[in-house]
1. May I ask you to list the residues in the stretch 185-212 that are surrounded by 14 or more Cβ atoms within 10 Å (Cβ to Cβ) and not in a strand (DSSP E or B)?
2. Part of a loop (DSSP other than H, G, I, E, B), surrounded by fewer than 16 Cβ atoms within 10 Å (Cβ to Cβ) and at pLDDT 95 or above, is that true of residue 93?
3. Please determine, by comparing only the residues of the stretch 159-176 that are at pLDDT below 95 and not in a strand (DSSP E or B), which one is farthest from residue 109 (Cα to Cα).
4. I'd like to know if the stretch 111-129 contains one or more residues that are more than 14 Å from residue 209 (Cα to Cα), touching a residue at least 12 places away in the same chain (Cβ under 8 Å) and over 25 Å from the mean Cα position of the chain (by Cα).
5. Working only within the stretch 49-90, note down all residues that are touching a helix residue (DSSP H, G or I) at 6+ places or on another chain (Cβ under 6 Å) and not in a loop (DSSP other than H, G, I, E, B).
6. Return the only residue of 108, 170, 161, 103 being without any contact (Cβ under 8 Å) to a residue 40 or more places away in the chain, over 27 Å from the mean Cα position of the chain (by Cα) and surrounded by 14 or more Cβ atoms within 10 Å (Cβ to Cβ).
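The values are calculated or read from the model by the stated rules, or taken from the named source; none is laboratory data. Since the model is a prediction, treat every value here as computed from it, not as a measurement. For neighbour counting, all protein chains shown are included, and Cβ atoms are generated from backbone atoms with ideal geometry for every residue, glycine included.
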């Protein structure tokens, strides 16, 4: 009897071992999810140059936008001010403009407010437009203009002179179409000229200078 039980036990144990081995074989050979190796590829972006009409605007909302005083001594200071500082309380664009302090005493015959623009290629531009407010007491002989200097050689292109309406915003336009070396503009300027012997001190205002 003991031999029979022992033999049965051995058979049972053998069957169990075969089943376990089969399970192990099936698990080991069971296909898993396919894993595709990945890697980071750095591609240098291609930058395609674009061209089109130039459209620059200086409205002095965040400061002087790079504008500074030029070489003529008639302008002595410049800063950005709110519309409330302008007689009449208005500006052309936004809420601020540039205020330029003038001192046309004695030999001071001109003043310049200038910027060195970026981009410098104005080939697609037709006009440069500036808005200038002059106070009511400015002498009638005074005038204003917009001019540019081109490279090489600081070639001058201006349109002297715009007659001014005192106590108002004046629109001054310079046509730059066909200007020599217009693809290399060094300077854009708004200029006030004395044009005679009458002295004057005061403040003018410049706003919304555009190139397009």
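1. Residues satisfying the conditions are 194, 195, 212.
2. no
3. 159
4. Within the stretch 111-129, one or more residues are more than 14 Å from residue 209 (Cα to Cα), touching a residue at least 12 places away in the same chain (Cβ under 8 Å) and over 25 Å from the mean Cα position of the chain (by Cα).
5. Matches in the stretch 49-90: none.
6. 161
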